[in-house]
Amino acid sequence: MALTGDLKTFNFVDILQIISKDKKSGILLVEWKDITVAYYVKDGQIIFARPVDRVFRVYAERDFDLLIEKLRISKENLFRTIERFLIERLDLKEGVFSFTPGFVKFGSNNYRILYPVEKIIMMASRGLTYEEVERKISDELLVFEPLEGVNDVLEKAELTPEEKKVLNLVDGERTVYDIRKDSGLDNLKVDRALYGLLAVGAIKRKKKEKKQSPSIALDLLMKIIERIKGL
Amino acid sequence: MKIIKKIKIVIAGPFAAGKTQFINTVSEIKTVKTERRTQALEEKSVKDYTTVAMDFGKIRIDEEHELYLFGTPGQSRFDFMWEILGEGALGIIILVDSTDPSTFHEARKIINFFQSRFPVPMVVGANKQDLPNAWSAEDVATALDIAEDEGIAVLPVSAVDKESVKRALLTLLNIIREELTSQG
């Protein structure tokens, strides 16, 4: 099933978060204003990008190793296509995307990945606008907590000193307001860092501990359940 | 005359998520609607009428009890109604249009709103699964940043399908049952 959307309302950080979460493989097509680019995704990593004039060609050429051989691109140089057709475009906000899982048959595992998805997510988060960060960091009373065992993720993400500072302040107690204040950084920088860290899976929203007890008797609840079943 | 006790479940979610349809599908009465013509251009392109106060549907449980399904208006400019409708709710179902990722961030804000004010059991329905371009419930959960330990089930839903709506309601009710039994 294809995942489709518009970059205006679902930015690159969001898209890559979805792709990397379950280590998806397939093709991400982005119709930018000037060109259409096919991004080849293997196990959640973008390994190759190429502009396409006719989209059907992408789906016709399924053997990845054969494709890059035909295009005369060595496995060592695949990252250059990422630089040219993705990294340079991360700040562009106009385009529509569709991700189709499967389709491509990847041959070997030795594709050189110079831009791990975690690194691209953090790079993309650095260009988010106020309006974009507000979609997730919508309330200065939100509390985040760090996740355990994500050293590998953080290493790949190559955080800036400012992002590290923000991460160190995420402790499950401080609110977004506190982090902004204690870091001494510009609010937008803090929010961008939180947005990116959330997307790479380094932090998460703190679960609300306080729960309201259900105000209903068990026998009445069972009656409702049986009634719904019988509808 | 016997007084009928009302039990309330709130159906919330962004604009055009399918809340009214969800209620219609299982309600025993014709859903009471408070609709007005959409005004904003971007809303008009999605549907002609929208809920401005609430929708409600009803399911009779026994001679003394009725289950009310209250649908909230989707636009955040009506969030004062969310506050009113959330009061005393047994549980909350948040519906999301799985075919429209532009509404996912709004859905998360709605989840945050209800979580902070009414920390009652909640499930998320990744609605419109009957449409070809619907995102899977798993992808919707990731897009909404719902962590596995957050305790919010995200289910595939098709609000036009009675069995699917029943499944969403039963999931919520079973979570409530678990909470009740775990309290002893």
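The values are calculated or read from the model by the stated rules, or taken from the named source; none is laboratory data. In this text, all values refer to a predicted model and were calculated from it rather than measured experimentally. Neighbour counts are summed over all protein chains in view; Cβ atoms, including those assigned to glycine, are modelled from backbone coordinates with ideal geometry. In case anyone asks, the SASA skips ligands and DNA or RNA and just uses the protein heavy atoms, side chains included. Shrake-Rupley method; radii C 1.70, N 1.55, O 1.52, S 1.80 Å.
Numbers at a glance
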quantity: Test: A:ARG54 is modelled with pLDDT under 95, under 19 Å from A:ALA2 (Cβ atoms) and surrounded by fewer than 21 Cβ atoms within 10 Å (Cβ to Cβ); calculated: yes
quantity: Complete set of residues in the stretch B:154-184 that are part of a loop (DSSP other than H, G, I, E, B), open to solvent by 80 Å² or more (accessible area, probe 1.4 Å) and either within 18 Å of B:LEU67 (Cα to Cα) or more than 10 Å from every other protein chain (Cβ to nearest Cβ) (or both); calculated: B:VAL160, B:GLY184
quantity: Residue that is least open to solvent (accessible area, probe 1.4 Å), among those in the stretch A:116-146 that are in contact with a strand residue (DSSP E or B) (Cβ under 7 Å, 6 or more places away or on another chain) and not hydrophobic (A, V, I, L, M, F, W, C); calculated: A:PRO116
quantity: Answer residue from the stretch A:169-224, given it is of a type in the set (S, T, N, Q) and surrounded by fewer than 15 Cβ atoms within 10 Å (Cβ to Cβ) and is nearest to A:PRO116 (Cα to Cα) among those; calculated: A:GLN212
quantity: Any hit, the stretch A:15-22, residues being away from every other protein chain (no Cβ under 12 Å) and in contact with a Lys or Arg (Cβ under 9 Å, 6 or more places away or on another chain); calculated: no
quantity: Enumeration of residues in the stretch B:166-181 that are farther than 17 Å from B:ILE152 by Cα and either of a type outside the set (Val, Ile, Thr) or modelled with pLDDT of 95 or more (or both); calculated: B:LYS166
quantity: Criterion: over 20 Å from A:GLY196 (Cα atoms), without any contact (Cβ under 8 Å) to a residue 60 or more places away in the chain and touching a helix residue (DSSP H, G or I) at 6+ places or on another chain (Cβ under 9 Å) - qualifying residue of A:ALA49, A:ALA60; calculated: A:ALA49
quantity: Test: residue in the stretch B:36-48 that is at pLDDT 90 or above and charged (D, E, K, R); calculated: no
quantity: Residue in the stretch B:120-143 that is aromatic (Phe, Trp, Tyr), at the interface with chain A (Cβ under 7 Å from one of its Cβ atoms) and open to solvent by less than 50 Å² (accessible area, probe 1.4 Å) present; calculated: yes
quantity: Near pairs, Cβ below 6 angstrom, 6+ apart or cross-chain, from the stretch A:204-217 (at pLDDT below 85) to any residue that is outside any loop (DSSP other than H, G, I, E, B) and open to solvent by less than 80 Å² (accessible area, probe 1.4 Å); calculated: A:LYS207/B:GLU150; A:LYS208/B:GLN115; A:PRO214/B:ILE176; A:PRO214/B:GLU179; A:PRO214/B:LEU180
quantity: Matching residues, the stretch B:107-118, being more than 8 Å from chain A (Cβ to nearest Cβ) and open to solvent by 20 Å² or more (accessible area, probe 1.4 Å); calculated: B:PHE113, B:ARG117
quantity: So A:VAL153, is it in contact with a Gly (Cβ under 8 Å, 6 or more places away or on another chain) and either open to solvent by 60 Å² or more (accessible area, probe 1.4 Å) or of a type in the set (A, V, I, L, M) (or both); calculated: yes
quantity: Residue satisfying all of: in the stretch B:10-22; within 26 Å of B:GLU64 (Cα to Cα) and out of contact with any Phe, Trp or Tyr (no Cβ under 7 Å at 6 or more places or on another chain); farthest from the other protein chains (Cβ to nearest Cβ) among these; calculated: B:THR20
quantity: So B:ILE29, is it out of contact with any Cys (no Cβ under 9 Å at 6 or more places or on another chain), among the β-branched types (Val, Ile, Thr) and either at pLDDT 85 or above or surrounded by 20 or more Cβ atoms within 10 Å (Cβ to Cβ) (or both); calculated: no
quantity: Qualifying positions in the stretch A:1-10 - more than 7 Å from every other protein chain (Cβ to nearest Cβ) and open to solvent by 10 Å² or more (accessible area, probe 1.4 Å); calculated: A:LYS8
quantity: Test: residue in the stretch A:177-193 that is within 14 Å of another protein chain (Cβ to nearest Cβ) and either under 30 Å from B:LYS8 (Cβ atoms) or touching a residue at least 40 places away in the same chain (Cβ under 8 Å) (or both); calculated: yes
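Conditions (1) open to solvent by 50 Å² or more (accessible area, probe 1.4 Å); (2) aliphatic (A, V, I, L, M); (3) outside the structural domain of A:VAL133 (by TED's automatic domain parsing), marked per residue:
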{"residue": "A:ASP22", "(1), (2), (3)": "yes, no, yes"}
{"residue": "A:SER25", "(1), (2), (3)": "no, no, yes"}
{"residue": "A:LEU28", "(1), (2), (3)": "no, yes, yes"}
{"residue": "A:VAL37", "(1), (2), (3)": "no, yes, yes"}
{"residue": "A:TYR59", "(1), (2), (3)": "yes, no, yes"}
{"residue": "A:PHE64", "(1), (2), (3)": "no, no, yes"}
{"residue": "A:LEU71", "(1), (2), (3)": "yes, yes, yes"}
{"residue": "A:ARG84", "(1), (2), (3)": "yes, no, yes"}
{"residue": "A:GLY95", "(1), (2), (3)": "no, no, yes"}
